[in-house]
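The values are calculated or read from the model by the stated rules, or taken from the named source; none is laboratory data. Predicted, not measured: the structure shown is a model, and the values here were computed from it. In this analysis, Cβ positions are derived from the backbone assuming ideal geometry, glycine residues included, and neighbour counts consider all displayed protein chains. Accessible surface is based on the protein model in full, side chains and every heavy atom, while ligands, DNA and RNA are left aside. Shrake-Rupley method; radii C 1.70, N 1.55, O 1.52, S 1.80 Å.
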Amino acid sequence: MSTYLLVHGAWHGGECWERVVPLLTTAGHRVLAPSLTGLGDRAGLLGPEVGLDTHVDDVVGLIEDEGLTDVVLVGHSYGGLVVSSVVDRIPERIGHVVHLDAMVPEHGETAADVQPATQDLIDRALASDSGWRVPPLPELPPPYGLFGVTEAADLAWLRSMLSDMPVRCFQQPVRLDNPTGHRVPRTHIHCVGAVPPGIVRRPVPAGRPVWELPTGHDCMITMPAELTELLLKVG
């Protein structure tokens, strides 16, 4: 039995993994899919002080409190920044990292360094009435939809779980200066359906496995069975 810890992306909550969790559980694995501070079922904790470091502390704290080891740590989208920092903090507890259509940073980088389109979101938030709230991305015409989701029922469910992000999450840099963390095995899963203009994906370092799913960004909603099949390969 493996332990999978699924870390959602920006604006989402742990609920987004609802279609994947039972499939991994049925295969005999333990699965945790928490909501990060200020998001999902923890949206009541949203505030300008919440940042990337807060979310890293969320995941590190969960792993330590549960006494988890050899964790399969999955980070989706913005969650890629979170899991990268978690591995740097507690590499001895992580067995494998899966970057799921994720931001994959270098030491000292922010979300805007990894995904330049994020800078516009930061600028808008700083100029807004709140000075810190980043609302969810708008729905685009097909085939892009909302985070790659286009089916009406799925869109309604997705909209129900989205909440604003604190701008600090996109401003804080990651710390990746622990050499042990660099030795933890990593796999990349890319969603290769319709990609909105302005979104970039960095080349994957040589030697790391790269798998593809023919769907949009939120593959845990649109292709949960296929995603689970890939995740089981590393567990």
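Filtering the range 194-212 to residues that are in contact with a helix residue (DSSP H, G or I) (Cβ under 8 Å, 6 or more places away or on another chain) and more than 19 Å from Ser84 (Cβ to Cβ) leaves nothing. The set of residues from the range 107-145 being within 13 Å of Cys169 (Cα to Cα) and among the basic types (Lys, Arg) comprises just one member, Arg133.
Summed over the range 59-79, the residues that are under 25 Å from Leu126 (Cα atoms) and either part of a loop (DSSP other than H, G, I, E, B) or without any contact (Cβ under 8 Å) to a residue 40 or more places away in the chain (or both) give a count of 2. Within the bounds of the range 185-205, is there any residue that is in contact with a strand residue (DSSP E or B) (Cβ under 9 Å, 6 or more places away or on another chain), open to solvent by 60 Å² or more (accessible area, probe 1.4 Å), more than 24 Å from Ser35 (Cβ to Cβ) and part of a strand (DSSP E or B)? The answer is no; no qualifying residue exists.
On inspection, Ile221 passes the criterion of being closer than 21 Å to Leu137 by Cα, buried (at least 16 other Cβ atoms within 10 Å of the Cβ) and either touching a Phe, Trp or Tyr at 6+ places or on another chain (Cβ under 9 Å) or not hydrophobic (A, V, I, L, M, F, W, C) (or both). Restricting the range 17-29 to residues that are touching a residue at least 60 places away in the same chain (Cβ under 8 Å) and part of a loop (DSSP other than H, G, I, E, B), the residue that is nearest to Val72 (Cα to Cα) is His29. Of all residues in the range 30-52, those satisfying the criterion of being outside any helix (DSSP H, G or I), more than 18 Å from Ser77 (Cα to Cα) and either open to solvent by 70 Å² or more (accessible area, probe 1.4 Å) or in contact with a Phe, Trp or Tyr (Cβ under 6 Å, 6 or more places away or on another chain) (or both) are Arg30, Val31, Pro48, Glu49. Is one or more of the residues making up the range 164-176 more than 19 Å from Leu39 (Cβ to Cβ) and acidic (Asp, Glu)? The answer is no; no qualifying residue exists.
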